[in-house]
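S.K.: Before I ask anything, here is the structure I am working with.
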Amino acid sequence: MPTPTRLHTVPSVLVFDVNETLLDIESLAPLFGDLFGDERILREWFAQLVMYSMTVTLADSYVTFSTLAQGVLRMLGDIYRVDVTDADLQRLKTGLLTMPAHPDVADGLTTLRDDGFRLATLTNSPPNPDGPTALQHSGLGEFFELQLTVDSCQAFKPAPAVYRHACERIGAEPRDCMMVAAHVWDTLGAQNVGFSGALITRPGNPPLPVRGLPQPDLVVSDLRQLAERLISTRR
């Protein structure tokens, strides 16, 4: 169940994570079923991808998220003794660029935009020099005044520099911004620099109930509920 609202001030700027928060990564599951005989390997791949994105940042290294994603797929192939071909890597790359939006997203974004919230995105995924990004392909691009990626910082979330750079680009103070994400590591990173945080509890992404760690200011099941909670709090 969602926690009570903990917001003292309703933010004017909502900064959205993209992968899993807005776009459904389960669309990639058939690739993992074909390769490994088990679509659940998708979750292992994604967890390893997030872990190694944080690792390369802590180690003062950088490659793009899509490059890292392909490397992690090859690594899992080695673990499970599966031959991952160049065609498989291309299928993954294409899949990452064509993920559909969750069914609640367009309604929630429309409500928030119409109520006067400023909307932006901040994603680990890089720009696509060869065509539309996943956000644009899903039809969601029009909702956002800015579509920011970590590529300009050469560091992945939850590095503090990423969120501070987002504030600079948006032209807002951290206290005026809320990070909206399906991952506690993302809300924690944003809260560390002064954002408020909203956790979208997509399947497999509950809160982290650890005493002593900042908890999200809002915990909601989808973007429709996020819009309802924010608007009711502001009024």
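S.K.: Let me know the shape class of region 123-178, please: from the alpha-carbon gyration tensor, a ≥ b ≥ c as square roots of the eigenvalues, rounded when a/c is under 1.5, otherwise prolate if a/b is greater than b/c, or oblate.
M.R.: oblate
S.K.: Mind checking the per residue accessible area of region 124-184 for me, 1.4 Å probe, whole number of Å²?
M.R.: On a per-residue basis, region 124-184 sits at 44 Å².
S.K.: Solvent-accessible area per residue for region 192-235 at a 1.4 Å probe radius, Å²?
M.R.: For region 192-235, the solvent-accessible area averages 52 Å² per residue.
S.K.: Let me ask something else about it. At 222 nm, what value in deg cm²/dmol follows for the chain if DSSP H runs of at least 4 each add -39500 (n - 2.57) and the sum is divided by all its residues, to the nearest 500?
M.R.: Rounded to the nearest 500, it is -13000 deg cm²/dmol.
S.K.: How large, in percent, is the carbon and sulfur part of the accessible surface of region 122-235 at a probe radius of 1.4 Å?
M.R.: Accessible surface attributable to carbon and sulfur in region 122-235 totals 50 percent.
S.K.: Protein chains only, probe 1.4 Å: how do HIS137, HIS165, HIS8, HIS183 rank by accessible area, largest first?
M.R.: HIS8, HIS137, HIS165, HIS183
The values are calculated or read from the model by the stated rules, or taken from the named source; none is laboratory data. Keep in mind it's a predicted model, so treat the numbers as computed, not measured. Ligands, DNA and RNA are excluded from the accessible area calculation, which covers all protein heavy atoms including side chains. Shrake-Rupley method; radii C 1.70, N 1.55, O 1.52, S 1.80 Å.
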